[in-house]
Amino acid sequence: MKKYFDDLEIRSPEGRERQLFSALADQLVRAKKHAPYFARLLKGAHPHDVASRAALAKLPVTRKSHLMELQKGELPFGGMTAVPVSQLAHVFASPGPIYEPQGDKRDFWGFARALYAAGFREGELVHNTFSYHFTPAGFMLDLAAQALGCPVFPAGVGQTELQVSTIADLKPACYAGTPSFLKIILERADEMGKDVSSLTKASVGGEAFLPSLRQMLNERGIQGYQSYGTADLGLIAYETEAHEGLVVDEAVIVEIVRPGTGDPVREEEVGEVVVTTLTPEYPLIRFATGDLSAVLAGSSPCGRTNMRLKGWMGRADQTTKVKGMFVRPSQVNEVVKRHPEILRARLTVTHDADSNDLMTLQIEIDGRPAEGLAARVADTVREVCKLRSDIAVKLPGTLPNDGKVIEDLRKYD
């Protein structure tokens, strides 16, 4: 039995980059020609010049947080699809609503690779508890399982007792769904005196997979593997038997950028996950997910050679309101750009004794600060944010590596 889903997972990193950016050029041509939004956004870009990550980083970012507004202006998909609705297999709606297209091809969302890494094999029954209602999660895993030759029981969400009884009757080997719902099913099975020990493999997602829950599953003979994806992009990264981070999918280009910008950060520095897809129907270019993660150094012991993410590490949107004014990560980064001496910055918001809002911009600089630097930075903050801020100069490496640009420490209780 083959160890990997396909040989793409073990190609050389250099070969992967060449092939990805060759495919990206075709994707950019397609997006500019057939997707009105990207035709406007990429008007000055020359597709075949985008042959490296440095060149890709110069293209503008599209943020998930803007999708609802963009789609309202140009229903149903904001002009981002490269095919008409008549050529799609499904259309979904996530809360917002945000509409998502699904093309008519096998394993459209790419999750078969994640299921294979989780040990799902041809002929094994999959109990799929992701929702089939409105949102695409259920179909994402359903189509992936079918691509592997696995029959699927479309359980969906809720009805815990029926879920337990069905598992006891049909004896599936594989579970797909959130880790917390699997825990609920197992505990309810104990209460009902039902045998659900046929479950030995689980592909989980949609929420954090806590170490305590992983251990609980292990103790019951269930190996859990986490996958990371979104309703817009499909699979982004997946866990392997090495259990060291999440290996990036072979059909996407992932960047980690400083929140509020499109500027890539250093390896292992926490930032926002930005993804470029090679999906012809929905050519998302530099799509900022709003999720925080970081790239792990080196390659996985499992033998797969693609870059790895540490996993989901929180949300990148740290916009807060100070004295009635919104302060955004992009504004903090604008301050940093105007002062090349600053290596990193973090804006903290607190209350004074009288509950008045206070801002402090902590800045890391390399070496002794130039005379008057703090005052000049304070002036820039006031110009950019229209608010006053104290400035605290720090040594390099002092600020936490957690991706936060703005930290709101105010207490309201």
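Quick notes
- Candidates in segment 344-372 are the residues that are out of contact with any helix residue (DSSP H, G or I) (no Cβ under 9 Å at 6 or more places or on another chain) and under 22 Å from residue 263 (Cβ atoms); of these, the one that is surrounded by the fewest Cβ atoms within 10 Å (Cβ to Cβ) is 366.
- Only one of the numbered conditions (1) among the aliphatic types (A, V, I, L, M); (2) under 26 Å from residue 106 (Cβ atoms); (3) in contact (Cβ under 8 Å) with a residue 40 or more places away in the chain is violated by residue 91, and that is (3).
- Subset of segment 112-125 that is more than 9 Å from residue 144 (Cβ to Cβ) and of a type in the set (A, V, I, L, M) - its residue that is surrounded by the fewest Cβ atoms within 10 Å (Cβ to Cβ): 125
- Residue, modelled with the lowest pLDDT, within segment 319-343, restricted to residues that are surrounded by fewer than 17 Cβ atoms within 10 Å (Cβ to Cβ), in a loop (DSSP other than H, G, I, E, B) and among the charged types (D, E, K, R): 323
For every residue, the table says whether it meets (1) among the small types (Gly, Ala, Ser); (2) in a loop (DSSP other than H, G, I, E, B); (3) within 28 Å of residue 389 (Cα to Cα); (4) at pLDDT 95 or above.
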position: 255; (1), (2), (3), (4): no, no, no, yes
position: 274; (1), (2), (3), (4): no, no, no, yes
position: 282; (1), (2), (3), (4): no, yes, no, yes
position: 290; (1), (2), (3), (4): yes, no, yes, no
position: 304; (1), (2), (3), (4): no, yes, no, yes
position: 311; (1), (2), (3), (4): yes, yes, no, no
position: 317; (1), (2), (3), (4): no, yes, yes, no
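- Single condition residue 386 does not satisfy, out of (1) on the phi < 0 side of the Ramachandran plot; (2) surrounded by 11 or more Cβ atoms within 10 Å (Cβ to Cβ): (1)
- A single entry from 110, 119 fulfils the requirement of being among the small types (Gly, Ala, Ser) and in contact with a Lys or Arg (Cβ under 8 Å, 6 or more places away or on another chain): 119.
- Matching entry among 251, 294, 242, 208 (being touching an Asp or Glu at 6+ places or on another chain (Cβ under 6 Å) and among the aliphatic types (A, V, I, L, M)): 294
- Within segment 84-111, considering residues that are farther than 26 Å from residue 148 by Cα and hydrophobic (A, V, I, L, M, F, W, C), the one farthest from the chain's Cα centre (by Cα): 85
- Residues in segment 259-272 that are assigned to a loop (DSSP other than H, G, I, E, B) and either polar (S, T, N, Q) or surrounded by fewer than 23 Cβ atoms within 10 Å (Cβ to Cβ) (or both): 9 in all.
- Under the condition of being among the hydrophobic types (A, V, I, L, M, F, W, C) and over 17 Å from residue 71 (Cα atoms), the residues counted in segment 28-50 number 5.
- Residue 24 vs. criteria surrounded by 13 or more Cβ atoms within 10 Å (Cβ to Cβ) and either closer than 30 Å to residue 121 by Cα or touching a strand residue (DSSP E or B) at 6+ places or on another chain (Cβ under 8 Å) (or both): yes
- Within segment 208-228, the set of residues being of a type outside the set (A, V, I, L, M) and touching a Pro at 6+ places or on another chain (Cβ under 7 Å) comprises 209, 224.
- Top-ranked residue of segment 77-97 - restricted to ones that are of a type outside the set (A, V, I, L, M, F, W, C), exposed (fewer than 14 other Cβ atoms within 10 Å of the Cβ) and modelled with pLDDT of 95 or more, ranked as nearest to residue 284 (Cα to Cα): 84
- Within segment 19-33, the presence of at least one residue that is at pLDDT 95 or above and farther than 18 Å from residue 275 by Cα is confirmed.
- Residue 298 vs. criteria within 30 Å of residue 15 (Cβ to Cβ), surrounded by fewer than 19 Cβ atoms within 10 Å (Cβ to Cβ) and touching a residue at least 40 places away in the same chain (Cβ under 8 Å): no
- Filtered residues of segment 239-258 (kept if crowded, with 21+ Cβ neighbours inside 10 Å and either closer than 20 Å to residue 175 by Cβ or among the hydroxyl-bearing types (Ser, Thr, Tyr) (or both)): 239, 240, 246
The values are calculated or read from the model by the stated rules, or taken from the named source; none is laboratory data. Treat the numbers as computed from the prediction; the structure is a model and nothing was measured. Reconstructed Cβ throughout: ideal geometry from the backbone, glycine too, with neighbour counts over all protein chains shown.
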